[in-house]
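Here the structure is laid out as structure tokens; the discussion comes afterwards.
The values are calculated or read from the model by the stated rules, or taken from the named source; none is laboratory data. Since the model is a prediction, treat every value here as computed from it, not as a measurement. Here Cβ is always computed from backbone atoms with ideal geometry, including for glycine, and neighbour counts include all displayed protein chains.
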Amino acid sequence: MIVRTREDAENNAIDEEKFISRRYTLRADGMGHSFHETYIKPGQELHIWYRNHRETVLCLEGKGTIEDLTEGGRWTLTPGVLYALDKHQQHVLSSDEGMTVLCVFTPSLVGPEDHDEQGSYPLYDDDGSVLSR
């Protein structure tokens, strides 16, 4: 059994200008997915395109929007609303007042991933080498 605290997740956190991603489980845990708590800072807009991963996101606190740039559509995110990027959709995630979301990534993130200039994460091998950008 794996048991983690928020303090444990802080040790694997990525803190950027627009968001903080606290990573509770990663590939080394062998779950087949990674689990994250992400805080989108107030007034931020993130252009994201996960070419190498699928992501499921559940809004826990706050309010924001998700705009699908691939298939079209725009939705309001409030606590209890979930979206899933099943086709690697390019999207814009924004929050006016700050928003906390829970995220599941498949394949699992290794840990150091950070968004590149296209809003994507590279796909890492277990040894830390890049398999795909």
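Could you please let me know if Asp127 is in contact (Cβ under 8 Å) with a residue 40 or more places away in the chain, under 29 Å from Val3 (Cβ atoms) and part of a loop (DSSP other than H, G, I, E, B)? Taking the combined requirement at face value, the residue does not satisfy it. Evaluating Gly62 against the criteria (1) in contact with a Phe, Trp or Tyr (Cβ under 8 Å, 6 or more places away or on another chain); (2) assigned to a strand (DSSP E or B); (3) crowded, with 16+ Cβ neighbours inside 10 Å leaves one unmet condition, (1). Filter the range 65-74 down to the residues that are touching a residue at least 12 places away in the same chain (Cβ under 8 Å) and either aliphatic (A, V, I, L, M) or out of contact with any Phe, Trp or Tyr (no Cβ under 9 Å at 6 or more places or on another chain) (or both) and list them by number. Listed by number, the residues that qualify are Ile66, Leu69, Glu71.
To keep it simple, each residue is scored yes or no on (1) under 10 Å from the mean Cα position of the chain (by Cα); (2) small (Gly, Ala, Ser); (3) surrounded by 17 or more Cβ atoms within 10 Å (Cβ to Cβ).
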{"site": "Glu16", "(1), (2), (3)": "no, no, no"}
{"site": "Arg23", "(1), (2), (3)": "yes, no, yes"}
{"site": "Asp29", "(1), (2), (3)": "no, no, no"}
{"site": "His33", "(1), (2), (3)": "no, no, yes"}
{"site": "Tyr50", "(1), (2), (3)": "yes, no, yes"}
{"site": "Val57", "(1), (2), (3)": "yes, no, yes"}
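For the range 82-97, indicate whether the set of residues that are crowded, with 17+ Cβ neighbours inside 10 Å, closer than 27 Å to Arg4 by Cβ, out of contact with any Gly (no Cβ under 7 Å at 6 or more places or on another chain) and at pLDDT 95 or above is non-empty. Yes, because at least one residue in the range 82-97 is crowded, with 17+ Cβ neighbours inside 10 Å, closer than 27 Å to Arg4 by Cβ, out of contact with any Gly (no Cβ under 7 Å at 6 or more places or on another chain) and at pLDDT 95 or above. Taking the conditions (1) in a loop (DSSP other than H, G, I, E, B); (2) in contact with a strand residue (DSSP E or B) (Cβ under 9 Å, 6 or more places away or on another chain) in turn, Ala84 satisfies each one other than (1).
When we screen Val110, Val3, Val101 for residues that are in a loop (DSSP other than H, G, I, E, B) and surrounded by 18 or more Cβ atoms within 10 Å (Cβ to Cβ), the only hit is Val110.
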